[in-house]
């Protein structure tokens, strides 16, 4: 599992590549905490390279969403793959973590 | 069993490495069972990983011997079956067996509810210090 991030003009994009499971979940929390602490509270997690997420990975996304909102921003997800979409729908979290087609779209209307 | 089309297994210490190793076994399983539809692969693999992660995160040893995880996954013509076991483990706490979906703010506690949504049957057995989840999905 690999995470990288890039701070753009109006948001920071975090790229998640690999399985977002209980092993990777704490690392995602660390990366997003670093991004938010660095002053970027509008965060897009790009999940194009994540073909698997379990409930621990979902829990980490929810924790990251709360961290971003506490800092006055928001966290959105983009390029969601079929398994991740399924987990979001079965847990009813697709209403809280809105999926956007691309990272650029995620804050495009703000 | 003559009707087993493909089979994979894992046995080792209950830790982070076990989760990735079990996932690799699941990925390779489909090479021998290409007829299983993508949706069934996806749901079943997610349930197996959730059960294994539940053991790694929550199972406590019954004595000095550490908890070991054992997974036996088989593909049959119309059914996927996984036995996910924790050896040398205490009986799970009731809180860890919570099967209802928590509210949207919660950062944990969705695993068992998710397993129930993903497979056809979920059975839990405890015998001689071993907790076993038996997950089946009709294909």
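The values are calculated or read from the model by the stated rules, or taken from the named source; none is laboratory data. Since this is a predicted model, take the numbers as computed values, not measurements. In this analysis, Cβ positions are derived from the backbone assuming ideal geometry, glycine residues included, and neighbour counts consider all displayed protein chains.
Things worth noting here:
- Search result, residues across region B:7-24 that are crowded, with 18+ Cβ neighbours inside 10 Å and either touching a strand residue (DSSP E or B) at 6+ places or on another chain (Cβ under 8 Å) or more than 18 Å from residue A:57 (Cβ to Cβ) (or both): B:8, B:10, B:14, B:18, B:22, B:23
- Here residue A:86 passes the criteria (1) closer than 21 Å to residue B:19 by Cα; (2) out of contact with any strand residue (DSSP E or B) (no Cβ under 7 Å at 6 or more places or on another chain); (3) not in a helix (DSSP H, G or I) except the one numbered (3).
- Residue within region A:44-54 that is assigned to a helix (DSSP H, G or I), out of contact with any strand residue (DSSP E or B) (no Cβ under 7 Å at 6 or more places or on another chain) and at pLDDT 95 or above present: no
- When residues in region B:87-123 are screened for being outside any loop (DSSP other than H, G, I, E, B) and touching a helix residue (DSSP H, G or I) at 6+ places or on another chain (Cβ under 8 Å), 10 of them pass.
- Every condition in (1) modelled with pLDDT of 95 or more; (2) farther than 12 Å from residue B:133 by Cα holds for residue B:58 except the one numbered (1).
- Within region A:1-17, residues that are part of a strand (DSSP E or B) reach partners that are modelled with pLDDT under 95 with beta carbons closer than 9 Å, at six or more positions or on different chains, in the pairs A:15/A:2; A:16/A:1; A:16/A:2; A:17/A:1; A:17/A:2.
- Unmet requirement for residue B:73, which otherwise passes all of (1) within 14 Å of another protein chain (Cβ to nearest Cβ); (2) surrounded by 13 or more Cβ atoms within 10 Å (Cβ to Cβ): (1)
- Residues within region B:55-67 that are in contact (Cβ under 8 Å) with a residue 60 or more places away in the chain and either closer than 26 Å to residue B:137 by Cβ or surrounded by 21 or more Cβ atoms within 10 Å (Cβ to Cβ) (or both), tallied: 2
- Any hit, region A:29-42, residues being within 14 Å of chain B (Cβ to nearest Cβ) and buried (at least 19 other Cβ atoms within 10 Å of the Cβ): yes
- If you check A:75, A:65 for being in contact (Cβ under 8 Å) with a residue 12 or more places away in the chain, out of contact with any helix residue (DSSP H, G or I) (no Cβ under 6 Å at 6 or more places or on another chain) and within 14 Å of chain B (Cβ to nearest Cβ), only one passes: A:65.
- Residue B:41 fulfils the conditions (1) crowded, with 19+ Cβ neighbours inside 10 Å; (2) in a helix (DSSP H, G or I); (3) more than 14 Å from chain A (Cβ to nearest Cβ) except for a single criterion, (3).
- One residue from B:10, B:35 being away from chain A (no Cβ under 12 Å) and within 14 Å of the chain's Cα centre (by Cα): B:10
- Condition check for residue A:23: within 24 Å of residue B:52 (Cβ to Cβ) and more than 14 Å from chain B (Cβ to nearest Cβ): no
- Hits in region A:6-20 (condition: away from every other protein chain (no Cβ under 13 Å) and over 11 Å from the mean Cα position of the chain (by Cα)): A:6, A:7, A:8, A:9, A:10, A:11, A:17
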